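Worksheet for the structure shown next.
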Amino acid sequence: MSERLLALHDLQVRYPIRKGLLRRVAGAVHAVDGVSLRLDSGGTLGIAGESGCGKTTLARAVAGLLSPSGGRIELFGEKAPQGHWPLALRRRVQMVFQDPGGSLDPRQKVIDAVREPLEAFTRQPPQARTERALALLAEVGITAQQALRYPHTLSGGQKQRVAIARALAAEPDLIILDEPTSALDVSVQAQILNLLADIHDRLGTAFLLISHDLDVIAHVCERVAVLYGGRVVEAGPVAEVFREPRHPYTRALLAALPDPDPDRPWRPETLKGTVGAPEGGVGCPFRQRCPLADARCGQETPKALEIEGSVVFCHRVEEQQRPA
Amino acid sequence: MALLSMRGVHVVVDTAEGPRTLVRLSELELAEGEMLGLVGETGSGKTLTGLAVTRVFPTPSIRLQGGSIELGGRDLAGLGERELLAVRGREVGVVFQDPNASLNPVFPVGRPLMDLLGLHRSLRGQAAVAEAVRLFQRVELPDAAALLSRYPHELSGGQRQRVMIAMAIAAGPKLLVADEPTTALDVTVQAELLRLLDDLRREAGMSVLFITHNLGVVAHMVERVAIMYAGDVVETGPTRAVLKEPRHPYTRLLLEAVPRQGQGRLKAIAGTAVPRSEIAQGCAFASRCPFAQDRCRAIEPALEGPGVHRAACLRQEEVLHV
Ligand SMILES: Nc1ncnc2c1ncn2[C@@H]1O[C@H](COP(=O)(O)OP(=O)(O)OP(=O)(O)O)[C@@H](O)[C@H]1O
Ligand code: SF4
Ligand code: SF4
Ligand SMILES: [Mg+2]
């Protein structure tokens with residue numbers, strides 16, 4: 001039996017909207033609006049969606065970097081504490097960000113960036129820490145010479161390798177990766193994706209991978225959750241969701257991706273309107289842009305519907321499933 | 001007939017140690033009404049190639065060192081700054097990746113467009129407003145008249161990019177340089193914008209130099225493609241031929257690096273790109289190429305091939321048949 005590593009129950013994160021001279025709170029952006037998900041130990045879950053759908057907010061809430069406005073986060077079977085995390089928990093959950101340069105201290109040599117978490121989380125003597133840091137860097141393809149340099153002398157891909165080595169130094173059970181390859185070229189991205197696959201195979205570390213790129217998620221993850229307007233609209237095994245996307249938004253998202261093979265048809269759908277800030281409230285978050293929307297979509301929030309290992313939130317899909 | 005023909009274009013940056021080569025383009029041609037995809041990874045020189053056409057470089061230390069750039073039979077490389085002013089915007093329009101960098105946040109989005117209409121087409125007052133509304137409608141912006149007085153932050157990223165396109169086509173240019181116009185946009189917004197660009201091209205018979213790093217977009221948007229590596233074109237030809245039967249190892253590896261569902265380990269390209277200036281002789285890709293032989297480090301391959309599909313590789317026949 002695989003153990004429950006992460007569970008989100010109706011997670012909510014709201015940002016206040018302030019208006020006027022007195023900066024009064026005039027409303028709220030419901031960045032994460034009632035998300036329930038689970039990730040078993042050693043599992044890989046991808047969170048897909050476009051700008052503003054709440055992906056990064058979700059990742060930061062799980063990493064304890066911001067406090068939820070509602071709902072619950074369970075890590076390793078216990079409720080995640082609000083505010084500052086105890087050392088043991090900080091060690092078990094590590095994060096890798098999109099901007100590989102920004103997450104490294106420019107005044108700190110590469111080797112020190114990896115020695116730092118070793119110092120914080122292990123009881124190794126200094127000499128052993130240095131050896132371990134070099135070994136970790138070697139594992140991600142950074143040489144001993146490069147380890148003595150400063151981050152700005154490295155390429156984007158190399159910096160991201162260092163960030164990954166730094167995360168691994170804590171020997172975490174879960175690594176949260178927020179768009180880890182979005183700033184990288186496709187050839188460098190391939191190297192990082194292979195590295196992540198190796199780490200998962202070898203160490204069994206669980207991944208929560210945030211990406212706007214469905215192909216990246218499909219390559220790395222076993223399961224995927226598609227977010228729109230702060231809510232999950234569809235979630236399930238990657239192979240199933242790709243084979244038969246059921247939610248109108250998942251369909252539009254997959255249809256919009258052009259394949260480099262010119263013989264594979266590309267038939268992007270035209271969606272109405274533009275992506276706005278999630279407002280929360282009753283109804284389907286996708287209704288303004290959905291080609292299938294009807295009156296019910298604005299009046300009732302779609303409920304979870306389970307189909308073949310996937311879960312879909314859409315009235316129209318539900319109606320189709322009902323026997324006539 | 002080629003509308004644009006670039007030959008031997010050499011772009012350098014002046015440094016304390018003397019000029020350093022950034023781009024050295026063997027050749028690049030664009031037919032009238034054609035959309036050509038210029039593809040490559042970061043730093044391969046796509047942007048500088050596009051900017052070289054009208055010589056608007058990001059810093060004064062970057063300059064055109066040599067080569068010819070013929071637009072409609074006239075060599076732009078020989079023109080002075082004043083003559084180029086008449087070419088920029090009027091004969092050649094440009095759209096960049098980041099619409100935020102190009103729109104001033106303190107002005108309504110209609111203002112720079114109307115300035116352009118005054119400058120290039122001597123339209124002012126009501127006539128300029130009417131034409132601006134028409135252009136906004138043409139790029140499929142909703143509520144065009146009202147939108148003219150909106151500020152950039154009130155528009156979505158996709159809408160701002162449409163404003164940039166309206167400005168780029170305002171003077172009816174023969175050539176549009178579109179540098180990663182959809183890279184900063186969401187995929188569901190990208191498709192719409194690409195279709196718009198293609199419609200505009202057909203309608204006006206305009207040529208488009210479409211710069212991108214996205215092989216998927218190229219596969220479905222352009223008929224002809226040029227792949228860049230280390231400041232030069234390494235392969236060019238009809239899109240289908242290049243993507244289905246690549247003759248250059250770099251093109252081949254690039255295609256294999258694209259992740260897909262249900263696929264095992266990706267084939268990553270070893271090492272990182274070497275800047276043009278550090279390649280003394282031979283093939284620029286030799287340090288990373290799985291096909292490299294000794295002669296590759298001695299002889300610099302030229303773009304060649306059996307027909308319109310050409311590659312700069314000494315072993316292209318073997319690459320094709322592996
Ligand atoms: N302002 C600058 N000063 C010095 N070198 C520069 C400058 N801008 C670009 N370069 C160099 O010129 C070469 C080509 O850069 P260019 O921006 O044309 O590449 P690109 O293919 O457009 O890359 P990207 O995909 O990142 O946009 C690179 O080696 C780059 O580092
Ligand atoms: S619930 Fe309605 S608006 Fe939402 S996705 Fe389904 S059909 Fe579209
Ligand atoms: S010329 Fe040689 S090194 Fe260059 S791409 Fe061809 S095989 Fe590789
Ligand atoms: Mg560029």
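Considering each residue of the range B:265-284, count those that are modelled with pLDDT of 95 or more and either farther than 15 Å from B:Ser26 by Cα or part of a helix (DSSP H, G or I) (or both), and give that number.
0
Within the set of pairs 6+ apart or on separate chains, which have a first residue in the range A:111-124 that is in contact (Cβ under 8 Å) with a residue 12 or more places away in the chain, a second that is of a type in the set (S, T, N, Q) and buried (at least 23 other Cβ atoms within 10 Å of the Cβ), and C-beta atoms under 9 Å apart?
A:Pro117/A:Gln94
Where the second residue is assigned to a loop (DSSP other than H, G, I, E, B) and at pLDDT below 85 and the first is away from every other protein chain (no Cβ under 14 Å) and lies in the range B:268-285, which pairs have Cβ atoms under 7 Å and are six or more apart or on separate chains?
Here the result reads B:Ala284/B:Val274, each pair linking the range B:268-285 to a residue that is assigned to a loop (DSSP other than H, G, I, E, B) and at pLDDT below 85.
Residues of the range B:68-83 being surrounded by 14 or more Cβ atoms within 10 Å (Cβ to Cβ) and either within 16 Å of ligand 3 (Cβ to nearest atom) or part of a loop (DSSP other than H, G, I, E, B) (or both), which ones?
B:Gly72, B:Leu79
Which one of these does B:Ser207 not meet: (1) more than 16 Å from ligand 4 (Cβ to nearest atom); (2) at the interface with chain A (Cβ under 9 Å from one of its Cβ atoms)?
All conditions are met except number (2).
Quickly run through the range B:45-63 and pick out the residues that are polar (S, T, N, Q) and within 14 Å of B:Val9 (Cβ to Cβ).
Those that are polar (S, T, N, Q) and within 14 Å of B:Val9 (Cβ to Cβ): B:Thr47, B:Thr49, B:Thr54.
From the list A:Asp263, A:Asp259, A:Asp215, pick out the single residue that is without any contact (Cβ under 8 Å) to a residue 24 or more places away in the chain, facing chain B (nearest Cβ under 10 Å) and within 16 Å of B:Pro259 (Cα to Cα).
The unique qualifying residue is A:Asp259.
Scanning the range B:30-45 for residues that are assigned to a strand (DSSP E or B) and either within 14 Å of chain A (Cβ to nearest Cβ) or within 16 Å of ligand 2 (Cβ to nearest atom) (or both), which turns out surrounded by the most Cβ atoms within 10 Å (Cβ to Cβ)?
B:Val39
Kindly list the number of the only condition in (1) buried (at least 20 other Cβ atoms within 10 Å of the Cβ); (2) in a strand (DSSP E or B) that fails for A:Pro100.
(2)
Go through the range A:274-324 and report how many residues are within 14 Å of chain B (Cβ to nearest Cβ) and either hydroxyl-bearing (Ser, Thr, Tyr) or within 16 Å of ligand 4 (Cβ to nearest atom) (or both).
Residues flagged as within 14 Å of chain B (Cβ to nearest Cβ) and either hydroxyl-bearing (Ser, Thr, Tyr) or within 16 Å of ligand 4 (Cβ to nearest atom) (or both) within the range A:274-324 amount to 1.
Take the conditions closer than 26 Å to B:Met35 by Cβ and either not in a helix (DSSP H, G or I) or not hydrophobic (A, V, I, L, M, F, W, C) (or both) and apply them to B:Leu209. Does it pass?
yes
Within the range B:115-166, work out how many residues are in a loop (DSSP other than H, G, I, E, B) and within 14 Å of another protein chain (Cβ to nearest Cβ).
7
Give the residues of the range A:228-269 that are under 19 Å from A:Arg38 (Cβ atoms) and touching a helix residue (DSSP H, G or I) at 6+ places or on another chain (Cβ under 6 Å), sorted by residue number.
Once the filter is applied, which keeps residues that are under 19 Å from A:Arg38 (Cβ atoms) and touching a helix residue (DSSP H, G or I) at 6+ places or on another chain (Cβ under 6 Å), the range A:228-269 yields A:Val233, A:Glu234, A:Val238.
Results for (1) more than 16 Å from ligand 3 (Cβ to nearest atom); (2) part of a helix (DSSP H, G or I); (3) not basic (Lys, Arg), shown as yes or no for each residue.
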| site | (1), (2), (3) |
| --- | --- |
| B:Arg7 | yes, no, no |
| B:Leu25 | yes, no, yes |
| B:Leu28 | yes, no, yes |
| B:Thr47 | yes, yes, yes |
| B:Gly50 | yes, yes, yes |
| B:Gly66 | yes, no, yes |
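The values are calculated or read from the model by the stated rules, or taken from the named source; none is laboratory data. It should be emphasised that the depicted structure is a prediction, and the values quoted were computed from it without experimental measurement. Please note: Cβ atoms are built from the backbone with ideal geometry, for glycine as well, and neighbour counts cover all protein chains shown.
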